[in-house]
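Here the structure is laid out as structure tokens; the discussion comes afterwards.
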Amino acid sequence: MELFTAYYGLDWASAIVGLIGLYFVTEENLFGFVLTALSVSLAAVVAIMAGQYGFLLANAATFVLAVRGYYKWRKRKMNGA
């Protein structure tokens, strides 16, 4: 049972939200970027809890890229492209 509760389920929530976010991105839905940012934020909390600071750095970079992608895609959509 510890497999599901070691990090209060945040690791599982991150994985599920991340997959749903990826689905929305592939459907060209801006909400996918929001879900991706949420997913990596949850994963960052897990990384801190586990003391995995390299994983924390990777999640921080993914978060920045998700925010960047959101703004670039939103700008393109607003300009009618």
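Over the chain, accessible surface divided per residue gives 69 Å², non-protein components excluded, 1.4 Å probe.
In the chain, helical runs assigned H by DSSP with n ≥ 4 each contribute -39500 (n - 2.57); averaged across all residues and rounded to the nearest 500, the mean residue ellipticity at 222 nm is -27500 deg cm²/dmol. A DSSP coil position with no more than 12 other Cβ atoms inside 10 Å describes the following chymotrypsin sites (Phe, Trp or Tyr not before Pro) in the chain: Tyr8. If each residue of separation counts as 0.36 nm, what is the full-extension length gain between Leu57 and Tyr8 once their alpha-carbon separation is subtracted? Taking Leu57 through Tyr8 to full extension adds about 15.5 nm, to one decimal. With an a/c value of 1.5 or above and a/b not larger than b/c for the gyration tensor axes a ≥ b ≥ c computed over the alpha-carbon atoms, the chain is described as oblate. Among Thr62, Thr26, Thr36, the largest mean-square fluctuation in a Gaussian network model of the chain (Cα springs under 10 Å) belongs to Thr26. Under the combined filter of DSSP loop state and at most 10 neighbouring Cβ atoms within 10 Å, the chain retains these GluC sites (Glu not before Pro): Glu27, Glu28. Couplings 3J(HN,Hα) of the stretch 13-20, computed from phi: 4, 4, 5, 5, 4, x, 5, 5 Hz, in residue order, whole Hz [Karplus 6.51 cos²θ - 1.76 cosθ + 1.60, θ = phi - 60°; x for Gly and Pro].
The values are calculated or read from the model by the stated rules, or taken from the named source; none is laboratory data. On a predicted model such as this, the values are computed, not experimentally measured, just so you know. As a convention, Cβ positions derive from the backbone with ideal geometry for all residues, glycine included, and neighbour counts pool all protein chains shown. Each accessible area value is taken on the protein alone, full model and side chains, heavy atoms only, with ligands, DNA and RNA left out. Shrake-Rupley method; radii C 1.70, N 1.55, O 1.52, S 1.80 Å.
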